[in-house]
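*Asks:* I have a structure I would like to understand better, so I am pasting it below and will then ask my questions one at a time.
The values are calculated or read from the model by the stated rules, or taken from the named source; none is laboratory data. This one's a predicted model, so the numbers in the text were calculated from it and none came from an experiment. A quick note on method: Cβ atoms are made from the backbone with ideal geometry, for glycine too, and the neighbour counts reach across all protein chains shown. The accessibility values were calculated without ligands, DNA or RNA, using every heavy atom of the protein model including side chains. Shrake-Rupley method; radii C 1.70, N 1.55, O 1.52, S 1.80 Å.
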Amino acid sequence: MSNSFGTLFRITTFGESHGPGIGVIVDGCPAGLAVEATDIQAALDRRRPGQSDLTTPRKEADQVEIQSGIFGGYTTGTPISLFIRNQDQASHDYSHIEHAYRPSHADYTYDQKYGRRDYRGGGRSSARETAARVAAGAIADKFLAHYGIVVRSYVSQVGAVQVPVGYEQLDLALIDSNPVRCPHPETAERMADLIRQTRDRHDTVGGLVTGVVTGVPAGLGEPVFDKLHSELGRAMLGINAVKGFEYGSGFAGTLLFGSEHNDTFYTDEAGAVRTRTNHSGGIQGGISNGQDIYFRVAFKPVATILQPQQTLNDQNEEITLAGRGRHDPCVLPRAVPIVDAMTSLVLADMLLRARANRVTE
């Protein structure tokens, strides 16, 4: 189903940007997991609008309401229902696009698919829907923590400004130390300056988010169609504004010879199997090998710009259209918790599926 994600740890989201609210049903979460509303709220607070001058000024508290599935601070094993009310819709900002097709938006494609669309903020196509995924991802993250798995992501590039070192050389505890969510302070300042300059020109800018997962055991993922990296790619490419996904050495790996690219095995002092390099990004044959999983997600510049552009209306007439309302000049800072959430959802699902793969003593 197009509104659901996952096999055993499964979510279904609902709601529109300018409707009463948005929500998610989480099915398959095991009983007995300690989850408080504050755990979910902390994740939502990282994604919500109006956090700084680098994001949209839309004011939404994004206060989560737990409607079922959690009792006395623990999951009950039944479906978990989470709801987030919309409070600051400002739907009048979109009356001018009721019949217009905004460049690089989903207006035209939704009309072609459904024969109608909710033009208020894009309706279901709005990135506001991702708040529901973040809420669900917070529960998945608690499940992963039970197994010592830690998911983190950060902004590694905005426009042409990029972090000069790999994640291994960064203190990832600094991710939330600045509004850009970049753990390299000097680069974060340059990124913030670029975002502000772009905003003042009524334009937008894209970039990269790097994801890192530590503590993943070997053996997660399916060998053919549901490979771990393909599921991660599907999760990331389903996020609004994402244009690309690569893991491990990615496209840069094509510049290496096999003798340079192969990750050779050895046993460490504790007797654990390790690899001397990690060009594979922690995944081989579609299955985790116990090394860190790392990947990059490319986000395009936000499609809504406050500049006049030529386009068409639903009568195929040429018109001039300029964006209105409150929009992010750069989606990257608020995309970080979304990448975290989707990564956690994939891994939680794979952990549950791994239980069915072999007989254990």
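*Asks:* Test each condition in (1) of a type in the set (Lys, Arg); (2) within 20 Å of residue 303 (Cβ to Cβ); (3) in contact (Cβ under 8 Å) with a residue 60 or more places away in the chain for residue 227 and report the one that comes out false.
*Replies:* Of everything listed in (1) of a type in the set (Lys, Arg); (2) within 20 Å of residue 303 (Cβ to Cβ); (3) in contact (Cβ under 8 Å) with a residue 60 or more places away in the chain, residue 227 misses just condition (2).
*Asks:* Here's a follow-up. Looking at region 3-17, I want the residues that are free of Cβ contacts under 8 Å to residues at least 12 places away in the same chain and have a partner that is assigned to a strand (DSSP E or B) and of a type outside the set (Lys, Arg) with Cβ atoms under 7 Å, at least 6 apart or on another chain. Which pairs are those?
*Replies:* Hits for this filter: 3/12; 3/13; 3/14; 4/11; 4/12.
*Asks:* Among the residues of region 128-145, is there at least one that is open to solvent by 60 Å² or more (accessible area, probe 1.4 Å), more than 19 Å from the chain's Cα centre (by Cα) and not β-branched (Val, Ile, Thr)?
*Replies:* Checked region 128-145: no residue is open to solvent by 60 Å² or more (accessible area, probe 1.4 Å), more than 19 Å from the chain's Cα centre (by Cα) and not β-branched (Val, Ile, Thr).
*Asks:* Still on this structure, please answer the following. Pull out all pairs, ordered by first then second residue, where Cβ-Cβ is under 6 Å, the residues are six or more apart or on different chains, the first lies in region 262-288 and is closer than 25 Å to residue 225 by Cβ, and the second is open to solvent by less than 50 Å² (accessible area, probe 1.4 Å) and modelled with pLDDT under 95.
*Replies:* none
*Asks:* For region 232-285, how many residues are closer than 30 Å to residue 301 by Cα and of a type in the set (Asp, Glu)?
*Replies:* Counting residues in region 232-285 that are closer than 30 Å to residue 301 by Cα and of a type in the set (Asp, Glu) gives 1.
*Asks:* Still on this structure: Restricting to region 281-326, count the residues that are β-branched (Val, Ile, Thr), assigned to a strand (DSSP E or B) and either within 22 Å of residue 57 (Cα to Cα) or open to solvent by 30 Å² or more (accessible area, probe 1.4 Å) (or both).
*Replies:* 3
*Asks:* Being open to solvent by 10 Å² or more (accessible area, probe 1.4 Å), at pLDDT 95 or above and of a type in the set (A, V, I, L, M) narrows it down to one of 216, 180, 161, so name that one.
*Replies:* Going through 216, 180, 161 in turn, the sole match is 161.
*Asks:* For region 339-351, which positions are within 24 Å of residue 206 (Cβ to Cβ) and either of a type outside the set (A, V, I, L, M, F, W, C) or open to solvent by 10 Å² or more (accessible area, probe 1.4 Å) (or both)?
*Replies:* Selection gives 340, 343, 344.
*Asks:* Name every residue in region 112-123 that is assigned to a helix (DSSP H, G or I) and surrounded by fewer than 20 Cβ atoms within 10 Å (Cβ to Cβ), in order of residue number.
*Replies:* If the condition is that a residue be assigned to a helix (DSSP H, G or I) and surrounded by fewer than 20 Cβ atoms within 10 Å (Cβ to Cβ), then 112, 113, 114 are the ones that fit.
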